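> After the structure tokens below, expect a handful of questions from me.
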Amino acid sequence: MSRRVNEHSVALAREWRRLGRVATVVAIVTSPALFVALYDRAEWPLAWALVGTLLGVAAFRGLIDVLAHKLIPAPSLYGAERELRAEDIVSRRRLWYWRRRYRRITWLLVVITTLTLIAMAFNAIDGSDSSFIGGLRTLGDVAASFAPIMLAYLPIITILFFANFLILFGPMLALGLGQIKGYEPGDADWGVKMADVRGQAEAKEEITRVVSLWQSGEEFEKAGGKRERGVLFLGAPGTGKTMLSKGIATSFNCPFVTIPGSGFAQTFIGMDAVLVRFLAFKAKRLAAKWGGQCIVFIDEIDAVGRRRQALGSGFSPTPTAIPSIHDHLFYGRDGALTADGDLVLETAAWRERMFAMRAEPPGRIYPAFYDKLRNMIPMMGGGMGGGLALNQLLVVMDGIDEPPMTKKFFTRRFNTFLDALYVVPQRIGRLKLRLRPPRPRQEQIYFIGACNVALEQLDPALTRPGRMGRHIYFRTPTWEDRRDIFDLYLNKVAHEPELDTPDKRDELARITNGYSPAMIDQACSLALTYAHAEGRERFSRVDLVEAMTTVESGVAIGQPYPKHEERATAIHEAGHAVCGHLFMENRLSTRLSIRKRGSSGGHHQAMEIEDRFGHWRSEEVGDLIWGLGAMAAEHVFYGQNTTGVTGDVGSVTSRAALMVGFRAMGPAPVDLSDRIEDTEEREATEKRIRERFERIGYQIMNRSGGGVMDENPFAATLNDAQKRPLVAALLGQCFVVAYQTVVQNREGTDYVASHLISAKELYGDEVTRLLDDARLAKPEIDLLDEAAWPAI
């Protein structure tokens with residue numbers, strides 16, 4: 001139930017109304033005397049006498065209000081009827097107006113009186129007229145003598161002030177303003193249409209829906225909805241956020257204003273806020289010109305919109321929560337699991353790290369001279385971190401729907417002046433004698449921000465509903481996304497018809513692990529370069545494969561292997577491929593190579609068929625067997641291993657420690673109940689086998705003080721007296737499986753190695769066909785058979 005005003009307050013309000021009316025009558029009755037004094041005695045012109053009389057009446061009436069409010073308390077009209085509240089608003093506005101005027105008049109009289117007394121004192125010393133009138137005359141003479149000097153020098157002082165301002169602030173402000181680019185419809189054509197944005201179907205569909213509704217949302221608003229004000233693009237660099245914004249600018253028929261987030265950084269305090277105001281002004285001006293709508297795109301908005309320091313970081317991850325093995329095993333440009341680049345596995349986490357690694361550092365905003373100036377004069381505001389810019393951006397986003405400031409100012413002042421005259425009524429019949437309050441702006445400004453940091457790192461005031469409350473995530477291109485991207489870029493360049501079949505497109509997408517749209521575009525263009533260099537008009541799969549390897553790792557090193565080392569390397573990589581083909585679940589081989597590229601002498605690369613949020617133990621064990629396959633192959637074929645397994649050993653040690661210490665995935669239990677009936681004998685045999693697994697695992701385990709275990713949380717597991725044997729047993733079990741896999745598939749492994757020596761490098765279907773033709777089979781292992789155990 002709403003609260004009602006008490007009767008005492010209502011009575012007091014009515015008394016105030018009567019008092020006001022009586023004061024107005026008194027002022028009007030005495031106004032003829034004031035008119036006669038001005039017109040007859042002071043000999044003012046008729047028009048000026050009438051104006052003076054009107055102002056005198058209003059001033060007298062205002063003085064009564066000011067004095068009365070000093071003596072009588074104003075009533076509280078909370079809950080009163082509408083008429084009383086409306087009259088209270090008018091009376092408060094009148095009181096505010098005349099209280100300010102009389103306060104200023106009082107201070108002016110005090111200053112004039114003080115200066116007059118000083119002039120009287122000087123007149124008394126000089127022996128001239130020392131009366132109050134004489135002091136006023138002297139004060140007037142002094143003012144008249146200084147007036148021409150002030151009028152002459154004031155423009156010069158003003159010009160010098162602004163000249164100094166421009167010399168100091170102008171260049172940096174100009175550089176900042178130059179980064180604000182405005183494009184009108186028809187201008188913003190970067191050759192990118194919405195149909196050209198591939199690999200982000202969900203993001204493209206979502207932003208198309210949002211912007212379309214924003215552009216023609218009148219019916220939506222009539223139904224009670226509220227148009228959104230902004231959207232935030234989140235995702236790794238190179239996933240298409242900026243490209244999608246260009247597609248929006250080209251495809252939607254409205255003006256487009258863009259600025260990088262780093263463009264708000266300014267040397268002097270307050271200049272960043274000026275840039276934000278100019279950005280809003282430019283957007284509103286373009287919106288007014290083109291139907292009332294404009295899109296503002298702020299790239300790298302994290303440069304200005306990061307969480308303010310007082311709010312903290314926003315989240316605190318659990319110390320033991322390790323999201324991916326790639327957080328600790330990620331080497332080189334390809335993000336290999338081993339330091340020598342031997343093993344590469346594409347997962348969603350791998351792609352995230354790969355794209356984050358490609359992020360460009362922020363470019364220089366100012367020339368070197370101004371960077372030095374920012375360092376020399378830190379108090380100028382170089383360390384503000386965009387705080388003022390963020391605050392001003394939030395104010396601008398909230399104030400887009402406000403009425404124009406000038407209209408609000410003049411409407412309020414005009415209506416207040418008429419109310420302060422007392423004799424001008426609010427309305428005459430149906431005719432209102434006051435200006436209507438200005439309506440909110442009709443311009444619709446839509447803000448789009450893009451960044452590659454976590455949402456938690458941005459200021460919640462920026463990302464809350466009502467500002468950039470809609471968040472669209474851009475994923476790193478998956479297998480299906482890359483196929484969609486190839487459909488776009490292959491259609492733009494001349495290529496052999498064989499690449500247009502669904503199987504070939506699928507294969508190309510499969511072997512381009514971690515590629516961004518720009519890299520696929522570059523590979524297609526480079527492949528055409530190779531074809532034209534040989535006199536061919538179209539490129540083939542061979543050209544594209546060569547272009548891809550050049551894009552990734554540079555030109556292959558031409559130095560050949562010694563024959564014995566070439567075969568050993570092929571056996572090494574074949575061991576990975578064979579074990580991975582048989583035991584890696586949800587994985588597919590994409591490359592197999594013994595060509596030297598950079599520091600890598602060869603590698604086997606695979607990818608997840610499906611991006612998954614979690615993985616089963618069998619999948620993790622399969623990855624361990626894959627990693628140990630090369631060492632097993634070397635032992636089977638040569639009876640010893642090479643130094644090339646160093647990276648593999650470090651990788652599987654870390655992975656096994658992760659499984660045991662963080663994911664409760666220990667070694668498989670040894671169960672011989674179907675082989676040995678006697679309980680004591682069975683338990684003793686099972687214990688002996690477990691200990692044998694541990695001994696093999698301890699021989700494999702990386703236990704160096706540096707390298708892969710240095711400053712690594714996995715070391716906590718390996719130093720735990722209870723966990724460490726489990727890691728060793730898990731490694732031992734996986735090595736026995738890998739060893740027996742190569743033993744029982746020796747001919748198949750040799751077949752794969754021989755073809756690899758001949759081809760040097762195999763991709764996609766070439767790898768999978770080779771492994772299928774090798775007729776590989778999972779081994780049958782009898783742990784009671786001494787021949788099943790490797791000697792290492």
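The values are calculated or read from the model by the stated rules, or taken from the named source; none is laboratory data. Please read these numbers as outputs of a predicted model, since none were measured by experiment. For neighbour counting, all protein chains shown are included, and Cβ atoms are generated from backbone atoms with ideal geometry for every residue, glycine included. Heavy atoms of the whole protein, side chains included, go into the accessibility calculation; ligands, DNA and RNA do not. Shrake-Rupley method; radii C 1.70, N 1.55, O 1.52, S 1.80 Å.
> Output the number of residues of region 258-296 satisfying the condition of being part of a strand (DSSP E or B) and surrounded by fewer than 24 Cβ atoms within 10 Å (Cβ to Cβ).
3
> Just name the residue that is nearest to Gly575 (Cα to Cα) out of those in region 637-688 that are among the β-branched types (Val, Ile, Thr) and open to solvent by 50 Å² or more (accessible area, probe 1.4 Å).
Across region 637-688, the extreme among qualifying residues is Thr642.
> Quick one: which of Ala759, Ala728, Ala738 is in contact (Cβ under 8 Å) with a residue 60 or more places away in the chain and not β-branched (Val, Ile, Thr)?
Testing whether each residue is in contact (Cβ under 8 Å) with a residue 60 or more places away in the chain and not β-branched (Val, Ile, Thr) leaves just Ala738.
> For the structure I just gave you, tell me whether Ala527 is of a type in the set (Gly, Ala, Ser) and either surrounded by fewer than 16 Cβ atoms within 10 Å (Cβ to Cβ) or in contact with an Asp or Glu (Cβ under 7 Å, 6 or more places away or on another chain) (or both).
Here the answer is yes, as Ala527 does meet what is asked.
> Inspect all residues belonging to region 169-180 and state whether any of them is open to solvent by 90 Å² or more (accessible area, probe 1.4 Å) and farther than 30 Å from Asp65 by Cα.
Among the residues of region 169-180, not one is open to solvent by 90 Å² or more (accessible area, probe 1.4 Å) and farther than 30 Å from Asp65 by Cα, which makes the answer no.
> Does region 465-488 hold any residues that are open to solvent by 40 Å² or more (accessible area, probe 1.4 Å) and either among the aromatic types (Phe, Trp, Tyr) or closer than 13 Å to Asn513 by Cα (or both), and which are they?
Matches in region 465-488: Tyr473, Glu480, Arg483.
> Oh, and also: Could you check Ala753 against (1) under 30 Å from Asp671 (Cα atoms); (2) touching a Phe, Trp or Tyr at 6+ places or on another chain (Cβ under 9 Å); (3) surrounded by 24 or more Cβ atoms within 10 Å (Cβ to Cβ) and say which number it fails?
Only one criterion in (1) under 30 Å from Asp671 (Cα atoms); (2) touching a Phe, Trp or Tyr at 6+ places or on another chain (Cβ under 9 Å); (3) surrounded by 24 or more Cβ atoms within 10 Å (Cβ to Cβ) is unmet by Ala753, namely (1).
> Please verify whether Gly186 is closer than 30 Å to Leu488 by Cα and at pLDDT below 75, treating the condition exactly as stated.
In short, yes.
For every residue, the table says whether it meets (1) within 27 Å of Gly748 (Cβ to Cβ); (2) touching a residue at least 24 places away in the same chain (Cβ under 8 Å).
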residue	(1), (2)
Arg510	yes, yes
Met519	no, yes
Gln522	no, yes
Ser525	no, yes
Ala533	no, no
Glu546	no, no
His564	yes, no
Val578	yes, yes
Met584	yes, yes
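> Still on this structure: Go through (1) under 17 Å from Thr569 (Cα atoms); (2) among the polar types (S, T, N, Q); (3) within 42 Å of the chain's Cα centre (by Cα) and name the single condition Ser758 misses.
Failed condition: (3).
> When the residues of region 736-767 are filtered to those that are outside any helix (DSSP H, G or I) and not hydroxyl-bearing (Ser, Thr, Tyr), which remaining residue is farthest from Asp503 (Cα to Cα)? I'd like the intermediate steps shown before the answer.
Looking only at region 736-767, we keep the residues that are outside any helix (DSSP H, G or I), and these are 745, 760-764.
Next cut, not hydroxyl-bearing (Ser, Thr, Tyr) only: 745, 760-762, 764.
Working: Asn745: 29, Lys760: 23, Glu761: 20, Leu762: 17, Gly764: 11 Å.
By that ranking, first place goes to Asn745.
> Counting just the residues of region 490-510 that are under 14 Å from Asp543 (Cβ atoms) and touching a helix residue (DSSP H, G or I) at 6+ places or on another chain (Cβ under 7 Å), which one comes out surrounded by the most Cβ atoms within 10 Å (Cβ to Cβ)?
Leu508
> Within region 498-532, restricting attention to residues that are of a type in the set (S, T, N, Q) and part of a loop (DSSP other than H, G, I, E, B), which residue is farthest from Arg591 (Cα to Cα)?
Thr501
> Can you find a residue that is modelled with pLDDT of 80 or more, out of contact with any strand residue (DSSP E or B) (no Cβ under 9 Å at 6 or more places or on another chain), in a loop (DSSP other than H, G, I, E, B) and under 19 Å from Tyr97 (Cβ atoms) anywhere in region 461-481?
no
> Okay, moving on. Exactly one condition in (1) over 30 Å from the mean Cα position of the chain (by Cα); (2) part of a strand (DSSP E or B) is not met by Phe410; state its number.
(2)
> So which of Glu691, Glu634, Glu711 ends up being surrounded by fewer than 18 Cβ atoms within 10 Å (Cβ to Cβ), modelled with pLDDT of 90 or more and not basic (Lys, Arg)?
Glu691
> Would you pick out the residues in region 427-460 that are surrounded by fewer than 18 Cβ atoms within 10 Å (Cβ to Cβ) and under 19 Å from the mean Cα position of the chain (by Cα)? Lay out the reasoning, then the answer.
Kept after step one, since they are surrounded by fewer than 18 Cβ atoms within 10 Å (Cβ to Cβ), are these residues of region 427-460: 427-440, 442, 453-457, 460.
The answer is Val453, Ala454, Leu455, Glu456, Gln457, Pro460.
> Return the residues of region 410-426 that are in contact (Cβ under 8 Å) with a residue 60 or more places away in the chain, open to solvent by less than 30 Å² (accessible area, probe 1.4 Å) and aliphatic (A, V, I, L, M); say none if nothing qualifies.
Those that are in contact (Cβ under 8 Å) with a residue 60 or more places away in the chain, open to solvent by less than 30 Å² (accessible area, probe 1.4 Å) and aliphatic (A, V, I, L, M): Ala420, Leu421.
> Can you name every residue in region 768-792 that is surrounded by fewer than 14 Cβ atoms within 10 Å (Cβ to Cβ) and under 26 Å from Pro502 (Cβ atoms)?
Residues satisfying the conditions are Arg769, Asp772, Asp773.
> Note down all Cβ pairs under 6 Å where the first residue falls in region 658-673 and is under 16 Å from Leu718 (Cβ atoms) and modelled with pLDDT of 85 or more, the second is open to solvent by 70 Å² or more (accessible area, probe 1.4 Å) and assigned to a loop (DSSP other than H, G, I, E, B), and they're at least six residues apart or on different chains.
Partner pairs satisfying both residue conditions: none exist.
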